[in-house]
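Presented below is the structure to which this report refers.
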Amino acid sequence: MARRTRTLVVIMAAACAAALWALLANAWLIGTYPLVFSAFVPGMLLAVLEVRHPGRFHNLQGWPVLAAGIGLIGFGALTSTLPVMLATGIGTALVMAWLLQHHLPGARALAFTGGASYALYLWHKDAFIAFGPFVGLVLSLVAATLSWALVERPILARVHAIDARRRHLGPPSRSIAAATPPAPAP
């Protein structure tokens, strides 16, 4: 448990350092990796919480969590101080945690959009610079949809299949005795 805690502390410290660096960096660097690391960390930690501690994740389904998330997003959007990326990142993670536990109309479309959003993040800046806002937006949406459907989803499906097979089979045995089935009872 101490190792996990140390890992989370190191990740959060790196996120804070990235946010501080963003304040000191040139304007053209703002919005590029690693300066946006602090915005990704809360979502990463949310994913870990959902998988490793589902009971704690379940505690994030109340209305106060949604209100706090929306408040942090608003605070982050309206300020230009150090907590801006951390506030919006944590707020977004809280809103996502709430949304993941409530059934909404159009959930399939939202799930696809959520999956393709990282691809959209990767494509949008260069497309906007190269083609302008309108054409860049259209090309970004097309590229994000294609890369999600043709690259990311198949890779994720394969990774999940390998993980499921590994979990089903269990860890490899370390000795021949452990792999030998017991003899039938007489």
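Among Asp163, Asp126, the ranking by other beta carbons within 10 Å of each residue's beta carbon, starting with the fewest, stands as Asp163, Asp126. Ordering Ser117, Ser147 from the fewest to the most neighbouring beta carbons within 10 Å gives Ser117, Ser147.
Contact order for region 105-170, expressed relative to its length and based on alpha carbon pairs under 8 Å spaced 6+ residues apart, stands at 29 percent.
Every number in this text was worked out from the coordinates using simple rules, so none of it is lab data. Because the structure is a prediction, the values reported are computed rather than measured. Virtual Cβ from ideal backbone geometry, glycine too; neighbours counted across all protein chains shown.
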